[in-house]
1. When ligands, DNA and RNA are left out and all protein chains stay put, how many square angstrom of accessible area per residue does the range 101-194 have with a 1.4 Å probe?
2. Ordered by residue, what ³J(HN,Hα) values in Hz, to whole numbers, does the range 69-81 give under the Karplus form 6.51 cos²θ - 1.76 cosθ + 1.60, where θ = phi - 60° and Gly and Pro are x?
3. So, R0 is 30 Å and r is the distance between the beta-carbons of Asn169 and Ser132; what FRET efficiency does that work out to, to 0.05?
4. Using a 1.4 Å probe on the protein heavy atoms, what percent of the accessible area of the range 18-113 belongs to carbon and sulfur?
5. Dividing the alpha-carbon Rg of the range 62-105 by 2.2 N^0.38 Å yields what?
6. Using the structure shown, select from Lys14/Lys148; Lys76/Lys151; Lys14/Lys127 the pairs with a Cα to Cα distance greater than 22 angstrom.
7. Using only protein heavy atoms and a 1.4 Å probe, report how much of Ile40 is accessible, in Å² to the nearest 10.
8. With a 1.4 Å probe and all protein chains in place, put Val22, Val60 in order of accessible area, largest first.
Amino acid sequence: MLNILIFGPPGCGKGTQSEFLVDHYNLKHLSTGDIFRENIKNKTDLGIKAKTYMDQGQLVPDFITIDMLGKKMQSKTGFNGFLFDGFPRTIKQAESLDDFLLKINQKISMMICIEVPKDELVKRILKRGEISNRADDQNKEIILNRIKVYKDQTEVLKDYYQKQNKFFNVDGMATIADVKEKIFSLIDFYQKES
Ligand code: AMP
């Protein structure tokens, strides 16, 4: 299986690139943000719990997020691997993900990190907020908080995967097509070598 982790700060283009990857490599897309938003829309208990954190730009607590992700990983047929988008965001989540994968004899193949400077992130998210209806995309304070949370709690995961030689960096200031091409070539190279 090919288990890809697409990584980077909010607004870096993970969602856009995920769509290409899912189609091209036949991956099961697991976006924790999308799953939470779906639950909020359907007013589930999980959605109600997650919303208070999301509205502030805070992380939903690990025990809630990890439990949800574990359940979503239970079906394993009909695709070539998982694409993790927006998960893990903490060391605890990364360790739990390793455990989930180990139980099914799998591991993360590679982490692809899309790098974009902070000013550009804020600009992009505010622009997305004009059409996305996402409260957390419309308020500059909350956007800055999400970026800070990424810096404080999530960015450390680059080291976590670097130590396992799984970390790959992509310049997210390039065009969408160029970012896509770069990511595809990294994955194709990985597949050829392994
Ligand atoms: P995203 O769509 O990935 O930008 O996520 C939107 C919001 O959902 C985040 O700001 C968090 O509040 C919450 N969220 C998504 N993924 C996670 C995660 N792995 N851990 C904790 N909270 C998350």
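The values are calculated or read from the model by the stated rules, or taken from the named source; none is laboratory data. Only a predicted model underlies this, so the values are computations on that prediction, with no experimental measurement involved. A quick note on method: Cβ atoms are made from the backbone with ideal geometry, for glycine too, and the neighbour counts reach across all protein chains shown. Surface areas here come from the heavy atoms of the whole protein model, side chains and all, with no ligands, DNA or RNA. Shrake-Rupley method; radii C 1.70, N 1.55, O 1.52, S 1.80 Å.
1. Working: 5870 Å² over 94 residues.
I get 62 Å² per residue for this part.
2. 5, x, 5, 5, 8, 5, 8, 10, 10, x, 8, 8, x
3. About 0.65, to the nearest 0.05.
4. 51 percent
5. Against the compact-globule rule of thumb, the ratio is 1.11.
6. Correct reply: Lys76/Lys151.
7. 50 Å²
8. Val22, Val60
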